[in-house]
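The values are calculated or read from the model by the stated rules, or taken from the named source; none is laboratory data. Note that the coordinates shown come from a computational prediction; the quantities given were computed from them, not determined experimentally. As a convention, Cβ positions derive from the backbone with ideal geometry for all residues, glycine included, and neighbour counts pool all protein chains shown. Areas reflect the complete protein model, heavy atoms only, side chains present, ligands, DNA and RNA absent. Shrake-Rupley method; radii C 1.70, N 1.55, O 1.52, S 1.80 Å.
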Amino acid sequence: MKISDLSSKNRSSFHWINFTAASLLAAALFGCGGGGGGGDTTATAPTTPTAPAAPATTSITAAAALAANDTATAPTAAFAVVQNAGVTPVTVNSAPKVNFTVISDGAVVKDLKPGNNARFIIAKLVPGSNGNPDKWQAYTYRTRKDAAGTNVVQHYLVQDATGAYSTAANLVYNEAGYYTFTFPIDITDATKLPPGVTYDPTATHRVAIQLSYTNKAGETVRVNPYFDFTIDASGKAVAVTDSSKTRKVVDVSTCNGCHNKLALHGGGRVDTQLCVLCHNPSTIDEATGLTVDFKFMVHKIHAGKFLKEKNGEDYKVQDASFAEVGFPANLRNCAKCHDSSTKNAAGNPLNPQGDNWKTKPSKEVCLSCHASAAGSTWNTIHVTSLKLGASASAISNAACADCHGAGKTWNPEQVHWIQELENTKLYQNVIESATLTTKPTATTTGVLTVTYSVTNPATGTAYDLREGCAASTTQKDDGGTLIGKKCNTNYRWNTTTPPGAVQDKFGTIGFTLATNTFTQTTDDTVDTTSGTGYLGVDDGKQHYTLKLTVPKGAHGNARIVMLGSVAERRLDAVSRTAVGAVPPVGFSDIAIVPVKNAIYEFNLDTGAKSTTPRRQIVSNDKCNACHAFLGIPINPEPGASVFHSGVRNNSENCEVCHNSFQAGSYTGMADGSSFNESWNAKRMIHGIHGGVKRTYPYTHGNNYVGAFGKDGLLLADGVTKLQASGGAEVVNFTAEVAYPQSPSNCNACHVNDSWKQNKAVLGSALFSSSLSMNTAKTLYTNPGIDGFLASGACVGQTGTKAGLDLKCASVDKSKIPMISPKAAVCTSCHDSLGRQTHVINMGGATFGTPPMSQGDLFAGKVFEACDGCHEARVGALKPVDAAHGLK
């Protein structure tokens, strides 16, 4: 189950404190919700506040007219506007009173009801001692029985069992333009507080609201305004303006980089600054007995898949398992969430304590990922060797700081260093120019001459692309001159090099030239040629010139991609000294550092750099909002593999190879058909990330066996697993990738509303033209080879399948069966056989059914009528934007 599922699957288990019907007590089982029990059983009767003088009314009305104060986009204005109007946001003399306003569409919202629209919590910040971190401590609480029948204290707001404070009297609207909420508990009365909790007016406090209301457009707005303050001698709140006096370790904006909008417990909890008030160290999940302290729980959830694979651990909260949650970046990349560099409009860090992970280690956090049971590496070091305590629980956080504190050898920033990510800053591919030396014709190839370098962005220094290569007297550059060094172009795979071999650091720098050879289109790329970076002619200053072959008939916009990665010796994270063996015996000896791909658009018709490059469909930055940097390992252990070994690391590069004619050469669809799986970028990316919408799994390496379920088991028997052809590994993306937000949010990846119009002329190939065999040369690994041969696309075919001697003089791509362009996208997520039938019968599309080929598409034999019903326009029967819930 992915994190976003908490809002639906476990709504009854993860419910907020509802101030309405007492019957909700039975449904609220966990979280910040639910009914009474222990703790507060006597509601303090609220008093009706007195409206302030006219100046406050004028001030709030004037403030409401300013878009900058709209609560939907500026939640903290709910308190700031009231405070600026001369009204104290919070007073604490007995039962706390909270004054706030809600502004929407230029006016104050006046019809909020307790429970339905607004729910509240109040907590104090307890400073850490003896190495322990600061913590939020809620003043209100309830008790629940754990699995053993023992009372455990749960710290969050209590709903009065009698429903006494669910009445309208608890939430009063003042005509001055603000609300007053009165808490049903006197936090100054020690008898009303959780055991061991005391009222401390000098401490930093926080009031937070779970707010829900409807704007003029009829949309439900959910925000969590919060206010940090201390309390003066008169009981009035004094706003905390010194960021060091509060605790804000993670800002929700970093969460929303992946989650779009974090919305848990029914969708109402949308800010981490509210979450931490309930999920504090004293909050226990009664079902498991584990703490659901925010810092422990969030680390456990995001490391769920890794912990399951490494230790067999299955972290659960109530009945929800997080063992399949895989963090889409590297788990050692702490700064991905604890980003202290991003500032607000005032120039202050969004999360002032964001660097705590570097300076204030705690076992509560560290042991959420690091196993500490007897026999574990951690236990052996800390308990057996260092003898810091008899067990993890006996070791104090003060002891942690001795080795892992700021400036210490083993501080978290040092040991969590990711060589592959950090050193991307050292390398940049640069395409300096391109010249069409020979223009291609319909019958002859052309030549495109490219000048390039790999530089250090900080210094501008160009690297020697032949660094570390062995001496040679035979290898020549593309100008025919001996280059003096013999380089291995595939070093990244060469981890068993014979002893004595020299490391080839820059061996993977290369080029892909993507062109279009169909006269019916100008911008789509369907053919590629390649070149090797080290073979370029060196000008003596590490700037190189390389000649790339341009295919016959190529025209229109071409894309030149300079790609690669650097094979560095593995460095120890702490000492930064080399630990990798030379030659390497495994990937743990080398770090594959991605070099950011360079893209150069060139027009083969004009012979100049393109002034109208291809339309941008998606954003590489949006990919990296989750992945940090495409091309670095996700597995946190040094030496972990990564797709394409980091060589291909941006979306503009992916699409030139994963074009319309890229079908899985050893992968069949898992829907029971006999087609190769399409690896066209638009279909592949949707297929990988849209698993929640799919009926059948999107796979890599699957052979034709039948129709499979998302779990990778044959639907016919529920036992047979996905199977490979020729020994290829089967990867079930649908089972393994839990997309962290709704796949309906097309704007999470797309730019400029590109999802609204599918302008593609080319479809997505259903058969691969591969004639590759397994290593034993006993069978062809392409499960769709029969379909490919039957299409007639194998021009000049000789040999037979049975004889294992098939050959094609060329491939006629116009004859390869296709999914038509619009259907290719929609059925990548909506992949059921019923949907395939719908796009064929109702939409006029082709899905390998006659007319089926790209030639048929060009000939106008296929007309996709999808826009008639699904175009994003007013009046459409079911427009795609409405179906996806997009504006």
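Summary of computed values
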quantity: Residue in region 862-879 that is under 18 Å from residue 660 (Cα atoms), touching a residue at least 24 places away in the same chain (Cβ under 8 Å) and assigned to a helix (DSSP H, G or I) present; calculated: no
quantity: Per-region count, region 345-373, residues open to solvent by less than 60 Å² (accessible area, probe 1.4 Å) and part of a loop (DSSP other than H, G, I, E, B); calculated: 11
quantity: From the options 447, 430, residue that is in contact with a Lys or Arg (Cβ under 6 Å, 6 or more places away or on another chain), within 25 Å of residue 559 (Cα to Cα) and open to solvent by less than 70 Å² (accessible area, probe 1.4 Å); calculated: 447
quantity: Exclusive hit being within 29 Å of residue 745 (Cβ to Cβ) and open to solvent by 10 Å² or more (accessible area, probe 1.4 Å), set 681, 670; calculated: 681
quantity: Unique match (being small (Gly, Ala, Ser), at pLDDT below 95 and either part of a helix (DSSP H, G or I) or more than 28 Å from residue 329 (Cβ to Cβ) (or both)) among 401, 406, 434; calculated: 401
quantity: Conditions (1) modelled with pLDDT under 95; (2) touching a His at 6+ places or on another chain (Cβ under 9 Å): number failed by residue 230; calculated: (1)
quantity: All positions within region 694-718 that are more than 30 Å from residue 777 (Cα to Cα) and not charged (D, E, K, R); calculated: 695, 696, 709, 715, 716, 718
quantity: Any chance residue 327 is in contact (Cβ under 8 Å) with a residue 40 or more places away in the chain, among the aromatic types (Phe, Trp, Tyr) and part of a loop (DSSP other than H, G, I, E, B); calculated: yes
quantity: Top-ranked residue in region 134-143 [being crowded, with 21+ Cβ neighbours inside 10 Å and in contact with a Ser or Thr (Cβ under 9 Å, 6 or more places away or on another chain); ranked as modelled with the lowest pLDDT]; calculated: 141
quantity: Wholly enclosed helices (runs of 4 or more DSSP H) of region 252-319 bearing at least 1 residues open to solvent by 20 Å² or more (accessible area, probe 1.4 Å), among the small types (Gly, Ala, Ser) and closer than 27 Å to residue 204 by Cβ; calculated: 252-259
quantity: Residue that is least open to solvent (accessible area, probe 1.4 Å), among those in region 571-606 that are β-branched (Val, Ile, Thr) and more than 29 Å from residue 561 (Cβ to Cβ); calculated: 574
quantity: Condition met for residue 187 (closer than 23 Å to residue 118 by Cβ, under 40 Å from the mean Cα position of the chain (by Cα) and crowded, with 18+ Cβ neighbours inside 10 Å); calculated: no
quantity: Residue within region 600-611 that is among the aliphatic types (A, V, I, L, M) and out of contact with any helix residue (DSSP H, G or I) (no Cβ under 9 Å at 6 or more places or on another chain) present; calculated: yes
quantity: Residues located in region 684-696, provided they are open to solvent by less than 30 Å² (accessible area, probe 1.4 Å) and charged (D, E, K, R); calculated: 694
quantity: Candidates 234, 244, filtered to the one that is over 20 Å from residue 293 (Cα atoms), open to solvent by 20 Å² or more (accessible area, probe 1.4 Å), in a helix (DSSP H, G or I) and among the hydroxyl-bearing types (Ser, Thr, Tyr); calculated: 244
quantity: Top-ranked residue of region 823-851 - restricted to ones that are hydroxyl-bearing (Ser, Thr, Tyr) and part of a helix (DSSP H, G or I), ranked as most open to solvent (accessible area, probe 1.4 Å); calculated: 837
quantity: Residue in region 716-723 that is at pLDDT 95 or above and acidic (Asp, Glu) present; calculated: yes
